[in-house]
């Protein structure tokens, strides 16, 4: 079985890469594995829909490995737009997707396209803007009068953008300053940017690409404000690509990462558009200028209109975790080759992957992201259930969809940034080279912590919804999914005497932590005289820990359920169970302050020793596990490639790179003498 694992891995790789010449290091690492490669690959592949793998294969077939080359900002933007058209054309030509399938299932395409992020974050982000934000907003908020716009967006006949954020307001959408006054005489909306801070800012696709925009503004009729509404407007002349009269459009300039995205700003000066520009599924204006809405609450109306953002958060959650897995597995493959310092016992140099400290640095992270990999499959399942209920206010999954998209986006992107930073450090100086796609990915992952919702705001919103479920317990209302563990009684503080090397026992500990912190936080808020002030003060030591605890428990519960798919082979299930155990054990050691009431000092020390022993066991498996992930060889940086020949591959990039000086040295310049 050991040798067949190597052959199975090679067979899988050669399907993606025709010419594959593995190194001896590759052969050694695959020979170490004890799990059944075919079974594991099938189960891991099933975590993503078939169309996801079809999209990856299609993109891989047309993409050259040139995404690591140095590019100017203008070149990066050109390349990003080029590849968006090229990839969508390829997917349509192959029949993997059709324009109407994209319109019917924009979230599915958005998640699949996010899988190509290792080819270039700008490309997948461009798709997210066009499909996940622009097209989906028209679909969610528009009516039959806007149907033609969907097909134009799906075929890239129109490039769009999503104008929500302003220079002065981002997370607090209700306080946006852009205004849209309705004039009943001309039957038009008049848009204005009344202040400097009201300009729409950081808008992807706006600086040079988009011809149309979904714009959010305060709707005002006869002096009465009706809250923030969405509009679809033309912003550039389609013939000459210049801004229309009444609009000023600019470029936000250089950014840290994502230079291929033309982020721009826009200001409105008595800009007039027709009445049909209002995306009027939930609110409309009669011919005589009377405002009506099927949703009476301004807050609920705004939440329904911004549903596109939640789908975007799911996509960001997935792509962040994929990048963390790509970075950690790539660094581990490099470590399996890289040798540093002689072992005094063997008199031979030691591979970096064989140091215990490195097990703790990266294998623990790989384990967490593998557990999260199974978690995102469940999260997308929840999201699809929400979509089946429609985007209206009567969808019973709305609250939970917001909760799970918010908490997962925040925690996944925070973890991913830390993992990518550790992965860059793990590769030393080589981590700084753009050819190795490690350091260059960090600014993109940094960005993911802020856009589509600031993580700290999302954590607070998730915390409120978690506590809402505690209220449901006492009012006997149905709990949201994932809260089946929550009861009306706070868990008793009793010593935990069970083994700490069993995944079900570890799940019990994480359940105690989640339920206890939910109850404790709820009680502190309930008895606070000033609940607004109390909420603010409880955030760092109560609400955030409670939210982390809820989500850690969800991840492990879901992973325990996932392990049942591997029952047909005991060794394979044992290896995958170790990943869950390591995730839980590290979580418990990091939260020792809470568990000191349940575990003795001796138990905590034993837990740490067991964690290190489990990491040593996973060291033999982890390189093989990395080949199960949904990545292709072209997605890898030079030192992370599947053949595990890091030095040869890196030098191939370096030696092929063109080096031309941009400087003209003036022979007339004289260096003064120091004598």
Expressed in angstrom and rounded, the centroid-to-centroid distance over alpha carbons for region 170-207 and region 597-630 is 53 Å
Check: C-alpha center region 120-145 vs C-alpha center region 524-551, spacing in Å is 35 Å
Binned at 10 Å starting from 0, the alpha-carbon pair-distance distribution of region 117-194 in whole percents comes out as 15, 32, 39, 11, 2, 0
In vacuo Debye sum over C-alpha of region 159-301, base-10 log of normalised intensity I(q)/I(0) at q = 0.16, 0.18 Å⁻¹, listed in q order, is -0.82, -1.02
Restricting to Cα pairs under 8 Å and 6 or more apart, the percent relative contact order of the chain works out to 16 percent
Note to self: Kirkwood Rh of region 307-416, Cα pairs, one decimal, Å, is 16.1 Å
Expressed in µm² per second, the diffusion coefficient of region 84-241 from the Stokes-Einstein equation, with Rh the Kirkwood radius over alpha carbon pairs, at 37 °C and 0.692 mPa s, is 197 µm²/s
Rounded to the nearest 500, the 222 nm mean residue ellipticity computed for the chain from DSSP H runs (n ≥ 4, each -39500 (n - 2.57)) alone is -16000 deg cm²/dmol
Among (i) 0.93; (ii) 1.03; (iii) 1.25, the entry matching Cα Rg over 2.2 N^0.38 Å as calculated here is (ii)
For the chain, percent of DSSP beta bridges that are antiparallel (nearest 5) comes out at 80 percent
Ranked output for segments 168-175, 254-261 by mean other Cβ atoms within 10 Å, highest leading, reads 254-261, 168-175
Cα-Cα pairs in region 280-335 separated by more than 12 Å, as a whole percent of all pairs, come to 75 percent
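Quick note: the coordinates plus some simple rules give every number you see, no bench work behind them. All values derive from a computational prediction rather than experimental measurement. For neighbour counting, all protein chains shown are included, and Cβ atoms are generated from backbone atoms with ideal geometry for every residue, glycine included.
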